[in-house]
Every structure is written in structure tokens, then in C-alpha cells.
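Notes follow the structure.
Just so you know, all these numbers are worked out from the coordinates, no wet-lab data involved. Everything quoted here is computed from the prediction, not taken from an experiment. Cβ: placed from backbone, ideal geometry, glycine included. Neighbour counts: every protein chain shown.
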């Protein structure tokens, strides 16, 4: 079978970096499996409960970089209790015991205790990189442990010295507490910066510090990514203009102080922008400026500046249509808006057939098309029909089963679907499960999907990473049925109000169900209110 | 530019294995006619249509059918009549003045959106949207509302077959709706009992004792809490930066169940919970005397501090507040300074409405039993 010595194959495999490809390689034959596993350095585990650390270590002794994800996505929105799970400690403990030379750990939605961080900082000689996204459970003590091994100092003088000593420093993100003159000094010492985050940008435009800052900024010709501006004096933004022309990523989503003309002027300087994260106070008009200026734009995220507010029409469908018309390379969208129309979505679908991620959040979750009073089925249908490469979709607005028919029919590449307050019947869910062959993650809340939909094809769930259903119509009996038929799935019932204790009736509706495929059976660290069927 | 729609039909037949073949074929045919991708067709005939800046409305008109007066009516017809409904008797135009479908419709189709219509209505009202509770009923626009056509608007099942069924099922519902009693209709909705974690608003006249409701939906909009907190902090700082006066006075609305109007208090004029409670008591005593009279207890005690905190012992009222995150919390838990910083509104509610909720759930749930629009705050 093998025409080459193992070393040659290994060398070839070095060029294969994508996880999917590596997984495919390992399935070819036993010998390729063996070679691949010894040469694999980066492993991605999308659900930390799908496999155990021991098995990971056994299979990939050469592991250097591990990515782990814990809680389901809806945990970001307070739908999952804090102590549900996703503890990283057992992983670090197991890795520490082994001979793995871990260099990088990337965690998302995991619970990271100070203890874990301490253990981490002591256990791996070559450890270089810790990336925490949406994690919790640690305090500054824990971070201090990490920092102690990485020369992290806290005070400003030390920060300046650190920056001076770091000619390779590429990314510097400062919080509010760093004053302007420090910022200016840091920039003077780090003109090679690529990514800059400014916490507080408030100063007197006539001050010397400001002038020095202007000069310092101009020297930073490498800055491609700019963020922050938590506090900002809009009239001083002109100091930033010189570097705007090189920016590829601008994140102003924490800068409510920047809006109106000043914001538009800033954007007009950013001709090379590829990713823009912004608040909705930019308004439709501001998005029009983006459309005219940012022809290279690929990703747009518009966040609500007042999510629970009184519905001032900050951005509407008009802004989105303008951007779609002006930015044909747009492929990733997260858009919080007050309203959306079918016509707008249809237009957007025509203008931008390259969407990979399309996440629309209408703040009133079941709002119909305000012009026609129709559900938004047709609009989203146009999106899935036109965007053949769509991998991620989040729906909102008034939606019936029809939109799911379209999704099942057209969204062939869809991997992740988020549904809230939609559909009329089980049919909606069935269309999706039957149609979307590449579906990996399905998360549903407040939809009328019941046992019939859940049980129609339980085998499907083994092809997916996970399914979340909350406030739907599935019953305890239905969930038990899935668990019985599919031992390779963990079916978790999250019952914070502990109703299940008192009422074990199978007909009882389940408030939150999370099921996922796993190779290692029931997890042992679930809190009391989680029952694994 | 857009792929020909016809190509779709083959896909429809082969890939969708949905149980109801009839449904598919309808939809399949419907899709063929559904011209949403053929905008070029629309625009070519557009000149006669009502124009709009973005040509979007014109597009909609294009999709519509002849014979309607106002643009609004046309647009209502367009998507409705296009496609699958061609096979069925067309729903004539319904001049839905408020422009909203009926939520009662939804309720009749049981299992739909359990409880959400309540939440949604309340939600809409909070935001001050057009979709007020009233407009969720069928609008009694002449005889039109009696006809099945009205079913077609807004929320309806995706299958037109079901539509027809619905309309015949719903006349009773409609009648009651017409008489301006939305709550009765909405109560047909099978509201699950596990209500505490499922927040919902209760529309007026809810007499079933459904779990107390809240104005906002948990986890919606889907934004990370970190973001909202940071924004709140940033906004506050920016206000100061821009030279606006710092919050010298901190007026918040105070509502009370049963009181015909709200009051406002300046939180900065108090320094302890005791002071606040006395002030509230004075403000609202005129409303409580009646109740207290019937209970036989002295009116003065209504909002004393012991009452404030004495939820579990069945005291008359509890005071709750809405914090920056939009959550309703029991007053008295956190230090006063922290409370001032996070309190956005106050609400005095009957403790009887809070009874039945565990204290923890009470903290988490958005308790509200206001009659009129689902919540008083």
C-alpha cells in the first residue's frame, strides 16, 4: 500500500493543515492513520464532551496546539447556566501529566479556573499562547500566574519598557486606564504595530500631547487593525486619518461616542477596509458612506447601541441594501436592525451571492415585513437560493414553515443554523433536518417543534455536532426516546427550575435540551439540574 | 444574474422528502411562480408602479396583482398571491389598517409559539412599535375580516391548505376578537406551566392566573452581556466627556399595580433604602389605603422597610426595580450605591403576584401583572 517511506508521507502531510483534510487523510488506511496521528500538531475539538483528554493524548502524542470549545452557543445569551459545564481543568491536568509539549491553548466558552491557569503556567515549558474567547471563571490572580511566566508587568512604565524591548510586538490593545501620553510613547516605540486597540481617546486637541500623538500615529505605517475608542473625543479623530488608508479591520463597536459626521469622515478615509464592526448609530446614511468608500469590504457587523431601547430606527433594511450594492465582496454579515423587508433581502441576495455567514437580528423577533406585513420567508429564501456557499445562517423576524422549506432545498453547504421564534409546525424542523446535508449545529429556541420532528430521524444527530432546543414543544418522553435509540448521543435536559424533580411525567415539556454526539458517554461533571438521559 | 427559477423545481422534487407530497407540489409549483428572483421582470414593467427610492417597493408592486388602490394594499397582495396561493382561491385584499396579522390566528393553531405571542405583544409595546396589542386582532374592517381571506395576512402556516382549514376553525375566535377582547383569544393558547424560565407577558384580562410575566425575553436580542455592559459604561463616560453635566439628579419612574398614574423619584435625594421606602409609601399611600382598609392593616405600614424585604411573609407589596441589563430585581439586596447606579425603574407590585415564584426565580423572572398592555413599565 505504501510506496513511500513513512518520513516522506509525513513530510507531505505537513503541508496539509486544515483539520478537515487531516481527518480525511487519517481515514485512508491504517498506515496513513498512524503516520498522520504522529505528525499532527494542531487539534480542534468542537465539543469538549465529545472526547476525553486521555484519548486525545493517546492518539496525538505530538500535540502542540489544542482548541477546545465548551458551552453551546446560546450560552452567550444567558440561556445556559454558568456552571453547566465546559471545565478546562481536567484537560490541563491530563495534558500536564502526559508528555505532551503543549504550546498553545485556545478555548471558547469554557470555564477556566484560576487553578487551571496556574497549573497551565507551570506545566509546559514551551507554552506560548493562550487564547480565551468568551470564557469565564478566572480572576486576575489566575492571569497573573500566566503573566508571571511571560514577563507581563502591569504598570505603565514597565509597559513602556516592555514595548521597547519587543521589536516584534505586533498587537497592542490598551484599556481605558492607559492615558494619552503613555499611548503616544508606546506608539513611538512600536511603529511596527499591526494591531492597535485604544481604550481611551480623549484629549484636548490643542495640547502638546495631542501633537506628539499625531506624529507618533503617522509613524505607525503597519497598523492594519484598529479597535477600542471606548471613550472618545470625536473632534480628535483627525489624528487617526493618516493610518486609516491602510486599515483592513476597524472595530468601533464599543465606541458609542463616535457617530454622525465625525464617524463618516473617519470611514471615508478607510478605503481598504475589509472588516468593519460598528454600532448602529452609524445609521443608514453612514452605511451609505461605507458602501461608497469600502469597496473591499468582506465582513460587516452592525451592533445595536441600545438593544432594549425604545426602537429608534437606527439602521433599517435600507442601510443593508446600500452596503450590498456598494460592496460586492461582502461575504460575512451580522446585522442588528429595527426592521427588514423581503424586497431588501431579495436585493441583497442578488447583489451579494457570496455570503458565507448571514446573521440577521431584527430586534423585535417576530416582526414581519413592515411594508407588506408578510413573513420574511421569501427574503431569506432568496438569500439561501442565491448564496450557494452559505455556511452559517441566523434567522429572525416573522417566519413560517415556508422559510425552512427553502433552507432545506437550497442551503446545501449550511453548517450552522440559528432559529428563534419561528415556524408554525414540526414541518419547519423536518425540512431542515432532511434537506441540509452538511448541517453540524442546529440551535432552536421558542419554536413549535415537538417530538414528531425530533424523532423523525434520530440518526441525523450523529452526523451533527450538536442540537439545542429550548422553549419548544419537545417532551421528556421524546428526549428519552432519542437517548434510547442513539447511545452515541448525550441527551441533556437542563432544568434550572427543577420541575423535573417533581414531575417525571413523560408528557412534560422540556425547557432546555442539548444533545451532542460523543465517543465517551455521559459526562461526570454535570451539575444537579442537568439530567443526561 | 439570478439562476433561473425553473431549475429549482427539479431540486424540489428530488431533495425534499417532506411527508406531504401535496404540500410540496403546491409549493414547488408555487416556487416556480414565485418570482422573487426575477426582479428584472419586475423592473421592466416598473415604470407604472409606485416608485420608491430604492425600487424595492416598486418591485413588490410588480409582484402584486392588479386591482388594488393603495400601494399598501398592492403590496399585501403581491407576495401573498404569488406562488402557492395561485392554486387556491385568492385571498382578496384585506385592507388591514393597522397592517398586522392576528395573533389570535396563531393561537388557534395550537402549539404555535407557545406563549410567545404574549411576549411578543408585550415586547412590541415596550419598544413602542406600531404593533400594539390592539392591532393584533383582526381589524373589523367591514365584512372583510369575517372572510377567510384575513387569515392570509401576517402569521399563517406555510401551507395554504392549512390556511383554509384555519379560517374555518377560527370564526369563533374572530368573533371574540372583534369584540375587543384579545385576552380571551390569547388564553386559548396552551401556555405551558413551566413559565418561570420562559418569560412572557400577559395581555389584559388574563384571568387564568398564568405565571406572572415579564416585558423582555431572556437572551434576546442575542448580544453578549459583556457588550451591553461595556456600552453602558462607555456611554456614561462619553456623556461626561462631552461636557454634559454628570447625572446630578437621578429620576426614575415608579409604577404601582393598580395606580392610575406613575410617579418619578430622584434617587439621589435618598441615601438609604429606608428613606426610599418611606418616600414611596408617602407617594402611593393614597392608593394603598383602600387595600389596607380591606385587609384591616394600617395603611402606613404598606411600604415600610420591613415590608420591602418581607416578601415571603406575605406582606402587601414588594418593590422591584429594573436594572441596566433589563432584569427585574428585588430591591434591597445590594448596597445602596450600587443600587443607584443600576436602577432604571421602580415597580411596586403586590406580593401576592410574586408568591408562587421561588425567591431565586423571582429575581430572575420579570414579574408583571399589569392589565392593560401586558406590563406597566
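Here are the numbers for this structure:
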{"quantity": "Cα shape, chain A, gyration tensor, a/c 1.5 rule", "calculated": "oblate"}
{"quantity": "Inter-site label distance for residue A:528 and residue A:505 at 7 Å from Cα along Cβ, in nm", "calculated": "2.4 nm"}
{"quantity": "Kirkwood-based Rg to Rh ratio, the range A:243-349, C-alpha trace", "calculated": "0.94"}
{"quantity": "Number of partner chain Cβ atoms within 10 Å, mean per residue of B:223-231", "calculated": "6"}
{"quantity": "Shielding by other protein chains, A:300-308, mean Cβ within 10 Å", "calculated": "5"}
{"quantity": "By average C-beta atoms within 10 angstrom, highest first, the peptides A:316-324, A:382-390", "calculated": "A:316-324, A:382-390"}
{"quantity": "For the range A:299-377, convex hull volume per residue from C-alpha positions, Å³", "calculated": "86 Å³"}
{"quantity": "Contour minus Cα-Cα distance for residue A:211 and residue A:16 (0.36 nm per residue)", "calculated": "65.3 nm"}
{"quantity": "For the range A:182-297, alpha-carbon Rg over 2.2 N^0.38 Å", "calculated": "0.99"}
{"quantity": "19 Å reach of a label modelled at residue B:224, 7 Å along Cα-to-Cβ, counting backbone N of the range A:83-114", "calculated": "A:83-88, A:105-114"}
{"quantity": "Distance histogram in 10 Å bins (all Cα pairs of the range A:421-514, percent per bin)", "calculated": "17, 54, 27, 3"}
{"quantity": "CD proxy at 222 nm, helix term only [per DSSP H run n ≥ 4: -39500 (n - 2.57); per residue of chain A; nearest 500]", "calculated": "-10000 deg cm²/dmol"}
{"quantity": "log10 of Debye I(q)/I(0), alpha-carbon scatterers only, for the range A:20-114 at 0.11, 0.17 Å⁻¹", "calculated": "-0.36, -0.77"}
{"quantity": "Relative exposure of A:473, B:337, judged by other C-beta atoms within 10 Å (fewest first)", "calculated": "B:337, A:473"}
{"quantity": "For q = 0.23, 0.24, 0.27 Å⁻¹, Debye-computed log10 I/I(0) when each Cα of the range A:465-532 counts as one equal scatterer", "calculated": "-1.03, -1.12, -1.36"}
{"quantity": "Per-residue average of Cβ from other chains inside 10 Å of A:221-232", "calculated": "2"}
{"quantity": "Relative contact order of chain A, defined on C-alpha pairs under 8 angstrom at six or more residues apart (%)", "calculated": "7 percent"}
